[in-house]
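Right, one structure below, let's go through it.
The values are calculated or read from the model by the stated rules, or taken from the named source; none is laboratory data. Predicted model, so just to flag it, every value in this text is computed and none were measured. A quick note on method: Cβ atoms are made from the backbone with ideal geometry, for glycine too, and the neighbour counts reach across all protein chains shown.
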Amino acid sequence: MTGGSIIGLTGNSGAGKGEAALFMKRHGAYVIDADVLAHESMKRGEPAYGSIARLFGESVLGPDGEINRKLLGTIVYHDAKKKGLLESIIHVEVKRKTDQITNDALSNAAPFVVWDAPLLIEAGMHKMCDAVILLTAPFEVKLSRIVTRDNISGNQAALRLHNQRDEAKLLDILKRDIAPQRIFIIDNDAGLGKLHEGISRVLRSLDLP
């Protein structure tokens, strides 16, 4: 794989995507954070704002007129149908912005681009990647990381994880949709050293920095 490649980085909450993305950034990657794009797409004046306000009503709007993402998150974590509808709105904007930023980055000679996207597979973006890294970790490890990182209770963290697609199912979709040599699984169950070693192996196998 040569420069100008796109690597998809995905996995459940607490799997370590942020650390993996940071490590690849140090190795020359241009990292696009899909969560940041998703949050930006919900701001007042953005295309997704009106769709979300119409779907969920004014109750999800704060005093400043902006969408209360915390309240919205609570609603969709308890309602799978509404979660799916929200994601369908957000995915369109995230994909559009990701394409635009990727083209700009590659036009400016970025060695490779990383799409850091927890819903990479659900959005169908994995099909557009030259390679996909799926980070995995045991449930209890992810739970502990989420509690520490987000300062929430174990029950809240568990609810978040239970509302995400099982890693085995994500892998099944990857195997169905893309060639096996484009799929890389890293079990991030230990410290940063093991994670960095795994990422380095992937980059070497792809002939990237």
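Structure values in brief
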quantity: Count - residues of region 1-10 that are at pLDDT 95 or above and more than 16 Å from R201 (Cα to Cα); calculated: 2
quantity: Residue in region 155-165 that is without any contact (Cβ under 8 Å) to a residue 24 or more places away in the chain and assigned to a loop (DSSP other than H, G, I, E, B) present; calculated: no
quantity: Exclusive hit being assigned to a helix (DSSP H, G or I), out of contact with any Lys or Arg (no Cβ under 8 Å at 6 or more places or on another chain) and crowded, with 18+ Cβ neighbours inside 10 Å, set L72, L85; calculated: L72
quantity: Test: residue in region 152-171 that is surrounded by 13 or more Cβ atoms within 10 Å (Cβ to Cβ) and more than 30 Å from L71 (Cα to Cα); calculated: yes
quantity: Test result for T98, of a type in the set (S, T, Y), in a helix (DSSP H, G or I), more than 15 Å from the chain's Cα centre (by Cα) and surrounded by 14 or more Cβ atoms within 10 Å (Cβ to Cβ); calculated: no
quantity: Of the criteria (1) over 21 Å from K97 (Cα atoms); (2) within 20 Å of the chain's Cα centre (by Cα); (3) loosely packed, with under 14 Cβ neighbours inside 10 Å, which one Y77 fails; calculated: (3)
